[in-house]
Amino acid sequence: MRYADALSYRLPLAGWVSILHRVSGLLIFILLPFIIWMFDNSLTSEISFGVFKSAFAAGIGVIPAWLVKVVVLGLIWAYLHHFIAGLRHLWMDATHAVSKEFGRQSAVATLSLSILLTLVLGYRLFF
């Protein structure tokens, strides 16, 4: 097999951040109708805001509330990771900080910040 070595290759942390940046952008794009629905229902009127809030307590149709919360938690992570990774890329472009060490340090910071902020907001979402 020509690609047998691909399975044993260890991707550096900066590579994982880059892949997750793409995954988070795709997740945001795919769930854009749900994001627009949430935004619309949260701002249109008091009644629609009640519908928005009830989605987290009673669910949406046959979709249980816990699944709505898990999807929103995924969106929270996707937004935070995409935003922080985007800032990382902008910083690297603006300062030409393209060293192996900076790539590793900024990847650790990006993953740490996005996961920490997701946990904080996820705690608020579930409790």
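The values are calculated or read from the model by the stated rules, or taken from the named source; none is laboratory data. This structure is a prediction, so every number in the text was calculated from the model and none was measured. Positions of Cβ are backbone-derived with ideal geometry, glycine not excepted, and every protein chain shown enters the neighbour counts.
Are any residues in region 45-74 under 20 Å from ILE28 (Cβ atoms), among the β-branched types (Val, Ile, Thr) and in a helix (DSSP H, G or I), and if so, which ones? Those that are under 20 Å from ILE28 (Cβ atoms), among the β-branched types (Val, Ile, Thr) and in a helix (DSSP H, G or I): VAL68, VAL70, VAL71, VAL72.
The numbered conditions (1) assigned to a loop (DSSP other than H, G, I, E, B); (2) touching a strand residue (DSSP E or B) at 6+ places or on another chain (Cβ under 7 Å) are all true for ARG10 except (2).
Only one residue in PHE56, PHE29 is modelled with pLDDT of 95 or more and within 21 Å of GLY122 (Cβ to Cβ), so which one is that?
One residue alone meets the criteria, PHE56.
Quick one: GLY15 ticks every box in (1) surrounded by 12 or more Cβ atoms within 10 Å (Cβ to Cβ); (2) under 14 Å from the mean Cα position of the chain (by Cα) except a single one, so which number is it? With (1) surrounded by 12 or more Cβ atoms within 10 Å (Cβ to Cβ); (2) under 14 Å from the mean Cα position of the chain (by Cα) applied to GLY15, the lone miss is (2).
SER45 fulfils the conditions (1) at pLDDT 95 or above; (2) under 23 Å from GLY122 (Cα atoms) except for a single criterion, (2).
Can you say whether ARG22 is part of a helix (DSSP H, G or I) and either more than 12 Å from the chain's Cα centre (by Cα) or surrounded by 15 or more Cβ atoms within 10 Å (Cβ to Cβ) (or both), as far as the supplied structure shows? Answer is no for this residue.
The rows are residues; the columns are (1) touching a residue at least 24 places away in the same chain (Cβ under 8 Å); (2) out of contact with any helix residue (DSSP H, G or I) (no Cβ under 7 Å at 6 or more places or on another chain).
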position	(1), (2)
LYS53	no, yes
ALA58	no, no
GLY61	no, yes
VAL70	no, yes
LEU80	yes, no
ILE84	yes, no
LEU90	no, yes
SER106	yes, no
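For region 30-47, the set of residues classified as among the aromatic types (Phe, Trp, Tyr) and touching a residue at least 24 places away in the same chain (Cβ under 8 Å) consists of PHE34 only.
Can you say whether GLY103 is at pLDDT below 95, among the small types (Gly, Ala, Ser), outside any strand (DSSP E or B) and surrounded by 15 or more Cβ atoms within 10 Å (Cβ to Cβ), as far as the supplied structure shows? For GLY103, the condition - at pLDDT below 95, among the small types (Gly, Ala, Ser), outside any strand (DSSP E or B) and surrounded by 15 or more Cβ atoms within 10 Å (Cβ to Cβ) - is met. Being under 19 Å from GLY15 (Cβ atoms) and buried (at least 17 other Cβ atoms within 10 Å of the Cβ) is the filter here, so list the residues in region 78-100 that pass it. Correct list: ALA78, HIS81, HIS82, ILE84, ALA85, ARG88. Is it true that LYS69 is under 30 Å from TRP37 (Cα atoms) and basic (Lys, Arg)? Judged against the criteria, LYS69 is a match. Evaluating GLY59 against the criteria (1) exposed (fewer than 10 other Cβ atoms within 10 Å of the Cβ); (2) at positive phi leaves one unmet condition, (1).
Answer yes or no as to whether ILE35 is of a type in the set (A, V, I, L, M, F, W, C), exposed (fewer than 12 other Cβ atoms within 10 Å of the Cβ) and either assigned to a helix (DSSP H, G or I) or in contact with a helix residue (DSSP H, G or I) (Cβ under 8 Å, 6 or more places away or on another chain) (or both). It is false that ILE35 is of a type in the set (A, V, I, L, M, F, W, C), exposed (fewer than 12 other Cβ atoms within 10 Å of the Cβ) and either assigned to a helix (DSSP H, G or I) or in contact with a helix residue (DSSP H, G or I) (Cβ under 8 Å, 6 or more places away or on another chain) (or both).
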